[in-house]
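Input: a single structure, listed below in structure tokens.
The values are calculated or read from the model by the stated rules, or taken from the named source; none is laboratory data. As the structure is a prediction and not an experimental result, all values here were calculated from the model. Cβ sites come from the backbone with ideal geometry, for glycine too, and all protein chains shown count toward neighbours. Heads up: the accessible areas ignore ligands, DNA and RNA and are worked out on the full protein's heavy atoms, side chains in. Shrake-Rupley method; radii C 1.70, N 1.55, O 1.52, S 1.80 Å.
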Amino acid sequence: MAKDEVQDQTASELIDAKIASLVDWRGETLARMRALIREADPDVVEEVKWRGVPVWSHGGIICTGETYKSVVKLTFMKGASLADPAGLFNSSLEGNARRALDIREGEVVDGDAFRALIGEAVALNMSGKKAR
């Protein structure tokens, strides 16, 4: 795809293309998590940054969605400031701001708990508070 064609695509179209290019469990997983994000926050803004990384924002970045060989990683920029009663965060736990959810092949994330986490991240962004 030519550079100008990429620039003409919306972020949502670029994320669609990324998901379509992942013909294994990672594409299915990223698509499911994207759908949960959109359900939790119908006003979410989709962006693509850092060489093609899907980013979901509302009043600031909520989370990013990166795909690696063995995991789909959802990194919450202010994750350390979020309550996580379901214990979804399982990666980047030592940082002062970020927290991540690594999803491996065959793992299923609790949709209700994930939607609640998205809602909490949006509320934090909209409050104007900085990450702790």
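On the given criteria, is Lys49 open to solvent by 40 Å² or more (accessible area, probe 1.4 Å), in contact with a Gly (Cβ under 7 Å, 6 or more places away or on another chain) and either modelled with pLDDT under 95 or among the small types (Gly, Ala, Ser) (or both)? Criteria not met by Lys49. The listed residues are Asn90, Asn96, and the only one of them that is of a type in the set (S, T, N, Q) and closer than 22 Å to Ser127 by Cα turns out to be Asn96. Exactly one residue out of Thr75, Thr67 is under 19 Å from Ala35 (Cβ atoms), touching a residue at least 40 places away in the same chain (Cβ under 8 Å) and of a type in the set (S, T, N, Q), and it is Thr67. Between Glu28, Glu39, the distinction of being touching a helix residue (DSSP H, G or I) at 6+ places or on another chain (Cβ under 7 Å), open to solvent by 60 Å² or more (accessible area, probe 1.4 Å) and either at pLDDT 95 or above or at positive phi (or both) belongs to Glu39 only.
Residue selection: Ala123 fails the criterion of being buried (at least 18 other Cβ atoms within 10 Å of the Cβ) and either free of Cβ contacts under 8 Å to residues at least 24 places away in the same chain or assigned to a helix (DSSP H, G or I) (or both). Summed over segment 82-107, the residues that are open to solvent by 90 Å² or more (accessible area, probe 1.4 Å) and either polar (S, T, N, Q) or in a strand (DSSP E or B) (or both) give a count of 1. Name the residue, out of Ile118, Ile62, that is in a helix (DSSP H, G or I) and open to solvent by less than 40 Å² (accessible area, probe 1.4 Å). Checking each option against the conditions leaves just Ile118.
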